[in-house]
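What follows is calculated from the coordinates using simple rules that are stated; it is not laboratory data. Because the structure is predicted, anything quoted here is derived from the model rather than measured. Positions of Cβ are backbone-derived with ideal geometry, glycine not excepted, and every protein chain shown enters the neighbour counts.
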Amino acid sequence: MILSIQYLRGVASILVVLSHIAWKNIQAGGSTMHWWHDAGTFGVDIFFIISGYIMVYITRDMHQKPHAVRTFIKKRFVRIIPLYWFYTLIALVIFIVIPERVNSAGGGTDIVKSFLLLPLKSDENYLVGVGWTLHYEFLFYILFSFGLLLNRVVGNIFVISTILFLVLFSISIDVDGATYIFYDFFNDIYIEFALGISLYFFLLKFKEINPLISILSTIIGIYLFYYLHTGHILTGIHHIDTGTSAFLICFGIVSLEYFWKKRECRLLTTIGNASYSIYLLHPFILVAVVMLTNRFNFHESTIIVIMFLSSIIGGYISYIFIEQKLIKLTKRMILF
């Protein structure tokens, strides 16, 4: 286990939870947390950079091996899909019984696309709203799998080069009137996966980073995060701006791995381990908390605390009793 990555996963999941708590608070006419509605989405940027980094790490001995692509895709399927389908089924039941409780932000809900993670039109949603990020994850996995056909260095250069082409093409042409499928492939969001891949090789090349540089990088990244979410821009290209901030933070934290191993924070490790369950489950918990607290005259801050703690605790319970068991079951079913 890479402790720094688990810490970042934990922080990223907390940021996303805060973003959605802020949205529920806004819907209820609350006066606090408005800033976090936008700023909390920064957790997704961190998740994407982590994903790029981890894909290189877990496939470092797989390049040009027999069945490498098939093995890689199977492992990604087992890690992501079982729990996602579990909560998508629950969302489907809720959608059938009380449809207004699913995707309350507006727009239609496509059931087939929800299960298959197919491209969405601008007015469509998945049953589990956060599934849109998994859609981009799998598109990245497909691209990354082609790199496994080549040697390690060339394969990752191929993936990064392809991403750079997709991003540069998307920002250099007039895309007015383009289909929604076009945006799926030509999107600046992929730059964050490339930054994650680059982070791995950079830290592999420079193994001994001065701790002061790591700390400074983290501080600059956090400041840039605040700067970007207080109405300022750098390049004007969203994921290049936020990706730069997330990269600086990830670089600072991961380059201090030796330090974290000496002083492990069990709480952050636990949240990091449960981060995927927290990510998928928390929208359900937030709706349930709002429904329950509407019956009582709780103070706004009390509701926020209840939503946050129940999301984290509920996610941990899901990780222990659902996520891990589903992974084991799925591995047996597809003969791992």
Inset, instruction - Place +1 on the Cβ of every Lys and Arg and -1 on the Cβ of every Asp and Glu in the chain, take the dipole about the Cα centre, and give the residue among PHE185, CYS250, ILE2 whose Cα lies farthest towards its positive end. - result: ILE2
Inset, instruction - Fewest Cβ neighbours within 10 Å first, please rank LEU83, LEU118 accordingly. - result: LEU118, LEU83
Legend entry - Cα-based helix-to-principal-axis angle, 3-27 vs the chain, degrees rounded to 10: 30
Inset, instruction - Given the options THR235, THR293, THR244, state which has the largest fluctuation in a GNM of the chain using a 10 Å cut-off (strictly under) for Cα springs. - result: THR235
Inset, instruction - Could you tell me which of GLY129, PHE144, VAL78 has its Cα farthest along the dipole of the chain towards the positive end, charges placed at Cβ (Lys, Arg +1; Asp, Glu -1), taken about the Cα centre? - result: VAL78
Legend entry - Surface/4 of the Cα convex hull for the stretch 237-291, nm²: 5.7
Legend entry - Percent of Cα-Cα distances greater than 21 Å, calculated over the stretch 1-93: 53
Inset, instruction - Rank these for me by crowding, LEU329, LEU139, going from fewest to most other beta carbons within 10 Å. - result: LEU329, LEU139
Legend entry - Separation between Cα centres of the stretch 242-317 and the stretch 1-46, rounded to whole Å: 8
Inset, instruction - With 32 Å as the limit, write out which pairs from LYS24/LYS261; LYS205/LYS262; LYS65/LYS331; LYS65/LYS262 have Cα-Cα distances beyond it, or answer none. - result: LYS24/LYS261; LYS65/LYS262
Legend entry - Potential lengthening between LYS331 and ILE215 on full extension [0.36 nm per residue; Cα-Cα distance subtracted]: 37.7 nm
Legend entry - Charge dipole magnitude, Cβ of K and R +1, D and E -1 - the stretch 3-333, Cα centre, debye nearest 20: 1620
Inset, instruction - Take the Cβ-Cβ distance between GLN324 and LEU204 as r, set R0 to 25 Å, and report the resulting FRET efficiency rounded to the nearest 0.05. - result: 0.25
Inset, instruction - Report the label-to-label distance for VAL153 and THR32 in nanometres (one decimal), using points 7 Å from each Cα along the Cα→Cβ vector. - result: 5.4
Inset, instruction - Just need the relative contact order of the chain here, percent rounded to a whole number, with Cα pairs under 8 Å and 6+ apart. - result: 27
Inset, instruction - Among the lysines, select those whose C-alpha is under 18 Å from the C-alpha of LYS328, and discard any that sit fewer than 8 residues away in the same chain. - result: LYS74, LYS75
Legend entry - Angstrom value of the Kirkwood radius, inverse mean 1/r, which spans all Cα pairs in the stretch 137-252: 15.6
Legend entry - Descending semi-axes in Å of the chain, equivalent ellipsoid built from Cα gyration tensor: 30, 24, 22
Inset, instruction - Provide MET307, MET62, MET291 in ascending order of the number of other Cβ atoms located within 10 Å of each residue's Cβ, fewest first. - result: MET291, MET62, MET307
Inset, instruction - If a/c stays under 1.5 just call it rounded; otherwise compare a/b with b/c (prolate if a/b is bigger, oblate if not). Do that for the stretch 41-93, with a ≥ b ≥ c from the square roots of the Cα gyration tensor eigenvalues. - result: oblate
Legend entry - Point-to-point label distance, HIS232-ILE54, nm (Cα→Cβ direction, 7 Å offset): 3.2
